[in-house]
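Trainee: Structure in structure tokens, see below.
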Amino acid sequence: MRPDRYGAESPAPRDGAAPRDLLRRIDLAEQALADLIGGPPGPLAVTAPGTPGPAERVSELLGTCAERLRQTDGADAGPEIALGPVIAELVDLGYAIADADLRRQERMLAACTAALAELRETSSSTALVDAVCAVVARRLGYRHVSLVACDGDDPVTLASHDAPAARQGRAGRRAGAPSRPPGAAGLPSRREVIARVRGHGADLGSIVAVLHPERDASVQIDRDVLTQFADGFGRIYAQAVLRERLAEQRDLLRSVCSTVQDAAAGLDEPIADLHAGAGDGTTKDVRERARTAAARARMARLTDRQAEIMELIAAGATNAEVARRCAIHEDSAKRHLAQILRRLGATNRLEAIAMHYEANDR
């Protein structure tokens with residue numbers, strides 16, 4: 001498949017770390033060892049189907065060979081001669097699997113880089129959450145991907161995506177089609193890798209990826225690559241949140257500046273009138289209008305909810321009365337008041353009320 005504009009193939013291959021010919025060679029070596037020792041080769045006989053990966057299977061078979069050689073009589077070279085070709089094949093398989101793992105890891109890292117580059121073009125934090133699962137499933141070749149956060153002790157799925165094959169499989173099972181039995185072809189029916197997502201000092205949740213059942217990969221490779229992706233995604237998400245906050249602050253600043261400009265436009269008396277009218281009350285009137293404009297500019301910093309609560313406070317409502325009128329808890333009313341004072345630059349409730357009356361020419 002031709003690389004895309006991010007420099008990686010899309011979608012990512014699903015064949016896993018070990019090509020099928022390597023798996024067949026492992027099966028043949030295992031059978032040859034079983035024929036030589038007269039039974040299944042040790043731990044593999046009691047291990048759940050599909051649990052060990054190709055590298056683990058080769059390691060266990062080599063361990064069985066070593067144990068068998070330790071049990072033989074040193075004067076009898078027969079077992080060593082018989083096991084020699086099997087050991088040589090297993091060692092060669094170990095090198096081949098390591099090489100295949102390395103190539104697959106390189107492909108997955110390139111796909112990870114491409115996925116992050118694609119997500120950097122997403123416009124908002126909400127769109128990032130909506131898109132991340134589909135991008136990971138498509139780029140890294142997973143069966144199912146979900147983004148899960150914790151709300152107290154309960155997990156909450158923020159987004160999820162099924163690969164097309166997985167969706168068809170689920171639809172077939174709902175229609176009564178037979179499902180693939182666990183451990184079919186020596187592989188587990190479901191394997192997961194999980195990576196935490198952190199950004200801007202906050203824990204955003206976890207990315208949970210389910211591997212395809214036919215994938216003969218080392219899960220550790222998927223875990224390492226998904227962890228790297230989660231780190232990069234956390235930084236991208238944090239940057240998106242910071243951009244949105246900056247945009248909110250910019251809009252608020254523009255609103256304040258517009259209010260100040262409107263207020264300044266009303267001060268149409270020439271500066272000279274400040275001196276010329278010093279004895280007839282003009283200066284006092286201009287100062288009052290300036291104070292009113294400044295108070296209105298401060299009041300413009302409040303959100304609609306805060307402005308509603310400020311009206312109640314100015315009317316003499318206590319925190320308990322504000323909570324009852326707004327259908328909120330009294331502690332929430334106190335937090336709203338603290339935020340109002342901070343936005344107005346007021347030190348207490350009375351100063352905020354004075355600003356409110358000043359802004360409304362009362």
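Bear in mind these aren't lab numbers, they're just calculated from the coordinates by the rules spelled out. These numbers come from a predicted model, not from an experiment. Please note: Cβ atoms are built from the backbone with ideal geometry, for glycine as well, and neighbour counts cover all protein chains shown.
Trainee: Cβ neighbours within 10 Å, averaged per peptide: list 231-243, 129-141, 334-346 in order, most packed at the top.
Mentor: Descending mean neighbour count gives 129-141, 231-243, 334-346.
Trainee: What distance in nm separates the simple spin-label points at THR157 and ASP304, each placed 7 Å from Cα in the Cβ direction?
Mentor: That separation, rounded to one decimal, is 3.3 nm.
Trainee: Kindly state, to the nearest 0.05, the FRET efficiency for LEU102 paired with LEU312, given R0 = 41 Å and r defined as their beta-carbon distance.
Mentor: E between LEU102 and LEU312, to the nearest 0.05, is 0.05.
Trainee: Is the shape of region 314-362 best called rounded, prolate or oblate, per the rule: a/c under 1.5 gives rounded, else a/b larger than b/c gives prolate, else oblate, with a ≥ b ≥ c the square roots of the Cα gyration tensor eigenvalues?
Mentor: Because a/c hits 1.5 or more and a/b fails to exceed b/c, region 314-362 counts as oblate.
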